[in-house]
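The values are calculated or read from the model by the stated rules, or taken from the named source; none is laboratory data. Bear in mind that the values here come from a model prediction, so they are computed numbers and not experimental data. Reconstructed Cβ throughout: ideal geometry from the backbone, glycine too, with neighbour counts over all protein chains shown.
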Amino acid sequence: MDYLPPNLDVIRPILWDDKGLLLLDQRLLPWREKYLRFKTWQEVREAIRAMVVRGAPAIGITAAIGMVLAAEKIKAKSPRDFLAKLRRAGQGLKRARPTAVNLAWAVERMLKRAEREPEVEALREEALKIWEEDIAANRRMGRLGAELLPEGAILTHCNAGALATGGYGTALGVIRAAFEAGKKIQVFADETRPWLQGARLTAWEMKKVGIPVTVIPDGASGSLMAQGKIAACVVGADRIAANGDVANKIGTYNVAVLAKENEIPFYVAAPRSTVDLATKEGKDIPIEWRDEKEVHFCGNKRITPKGVAAANPAFDVTPARYVSAIITEVKVVFSPYEVGLRKLFEEANHGAA
Ligand code: MRU
């Protein structure tokens, strides 16, 4: 039996059935399209840490399914005991990667549901709901963001596409929606050293959906902007602080500063699950540092001399003043962000009441 949302995208980083979770191994793309199976929450934690799956919303959904796998195996004496054991799994999953707030958000949402209904079936329903809502949010962001995008070359950094979400994508969802609406668009993808999310994943994804894509070295974006070759930039986010500062893949800050210098719009597309009002500003966002081997090696080949150091901060923070707008599934938010982002939740809560 499959557990899949009804609005599943054509690009499917996550699959789930009664035998466990299946993840498209993003470490192998674009060379091999291979799914790996995970049966325990500990295996899921390791898959997130090792980036079999990556991208803020995708790791949130994966962690939610990890919570179901944990719940399925819990032998509890009482609902209280069940909750205590589930909380332990949640703590473990949350620690897998620190910057993307969607991971902690999804775990907390699963725990809240378990507090109300400490049963596997309810948790399965909640994980599927998180997944389905994410795809729907991406589609709405796409529609809202498509109106903002000019025609021409759109620069993006990292991969904020279907592979990084439940499906369709945030930044790439906006690009897809604009393209589907008939706008003449082509993508310029920063290769995104060291993990090459742009060269490997964004290029693979754009090819799959038939959108023209040109991969550029990270250092080329400024020069292309200065020559008037880029119409707009759109990126995703791992966490947006209450004041609108945006944590995203390392190198995003450089793109944003160069966009402002060259008077090019710099848009961030992210669902509300990426907005963290509890984090006041960018400097409070925990930044993941990854193994320096990712910098020393390109594939299996060492590219630095033995004995030299490497630094590998995986994310940076773009101050809100560089962001032209934040595209969410509720509305497009403009500066002042502390007001706009807060309203996003107030209005949504009001609407839900
Ligand atoms: O290290 P990664 O590949 O998980 O980083 C991903 C990004 O930085 C994405 O831009 C972000 O998570 C948004 S994905 C919709």
message = Given the criteria more than 18 Å from the chain's Cα centre (by Cα) and either surrounded by 13 or more Cβ atoms within 10 Å (Cβ to Cβ) or outside the structural domain of ARG239 (by TED's automatic domain parsing) (or both), does PHE315 qualify?
response = no
ask   = Looking at the stretch 299-346, which of its residues are of a type in the set (A, V, I, L, M, F, W, C), more than 16 Å from the ligand (Cβ to nearest atom) and either under 24 Å from LEU172 (Cβ atoms) or in a loop (DSSP other than H, G, I, E, B) (or both)?
value = ILE303, VAL308, ALA309, ALA310, ALA320, ALA325, VAL330, VAL332, VAL333, PHE334, LEU341, LEU344
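Residues are listed down the side, and each one gets a yes or a no for (1) in contact with a Phe, Trp or Tyr (Cβ under 9 Å, 6 or more places away or on another chain); (2) crowded, with 17+ Cβ neighbours inside 10 Å:
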{"residue": "GLY66", "(1), (2)": "yes, yes"}
{"residue": "LEU86", "(1), (2)": "no, yes"}
{"residue": "VAL101", "(1), (2)": "no, yes"}
{"residue": "ALA104", "(1), (2)": "no, yes"}
{"residue": "LYS112", "(1), (2)": "no, no"}
{"residue": "PRO118", "(1), (2)": "yes, yes"}
note = Among (1) touching a residue at least 24 places away in the same chain (Cβ under 8 Å); (2) surrounded by fewer than 18 Cβ atoms within 10 Å (Cβ to Cβ), LYS34 falls short only on (1)
inquiry  = I'm trying to understand the selection: among the residues of the stretch 142-176, which are part of a helix (DSSP H, G or I), buried (at least 24 other Cβ atoms within 10 Å of the Cβ) and among the hydrophobic types (A, V, I, L, M, F, W, C)?
reply    = ALA162, LEU163, ALA164, ALA171, LEU172, VAL174, ILE175
message = Kindly evaluate VAL255 against the criterion of being in contact (Cβ under 8 Å) with a residue 24 or more places away in the chain, in contact with a Gly (Cβ under 9 Å, 6 or more places away or on another chain) and in a strand (DSSP E or B).
response = no
ask   = Which condition does ALA137 not pass, out of (1) out of contact with any Lys or Arg (no Cβ under 9 Å at 6 or more places or on another chain); (2) within 11 Å of the ligand (Cβ to nearest atom); (3) part of a helix (DSSP H, G or I), if it passes all the others?
value = (1)
request  = State all residues of the stretch 37-51 that are assigned to a loop (DSSP other than H, G, I, E, B) and either of a type in the set (Gly, Ala, Ser) or buried (at least 22 other Cβ atoms within 10 Å of the Cβ) (or both); if no residue qualifies, say none.
outcome  = ALA50
